[in-house]
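First the structure, in the form of structure tokens, and then the observations on it.
The values are calculated or read from the model by the stated rules, or taken from the named source; none is laboratory data. What you see is a predicted model; the values in this text were computed from it and never measured. Backbone-built Cβ (ideal geometry, glycine too); neighbour counts: all protein chains shown.
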Amino acid sequence: MADWANFNEVRKIFNSVDAVGNDLYVFNIKGNSHRLIVRIIFRVRTIYIKFIGTHKEYNKVNLDDL
């Protein structure tokens, strides 16, 4: 179980994660063939899965709609 207080703590474990704004974070997964987008609310230690799919599907995602 993780208890991350900030983005730097996430990066220590997952160095491929990127912050993309609005509390959204993108993880490269499955040998970098898929992406996972989550919203992390560090204050309450909560993660919401917003998208999981291939890079091709990710390219169609509008982050402003998440």
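Of note:
- Options ILE37, ILE47, ILE29, ILE13: the member that is over 17 Å from ASN62 (Cα atoms), at pLDDT 95 or above and either in contact with a strand residue (DSSP E or B) (Cβ under 7 Å, 6 or more places away or on another chain) or among the β-branched types (Val, Ile, Thr) (or both): ILE47
- Residues located in the stretch 27-40, provided they are touching a Phe, Trp or Tyr at 6+ places or on another chain (Cβ under 8 Å) and either on the phi > 0 side of the Ramachandran plot or of a type in the set (A, V, I, L, M) (or both): LEU36, ILE37, VAL38, ILE40
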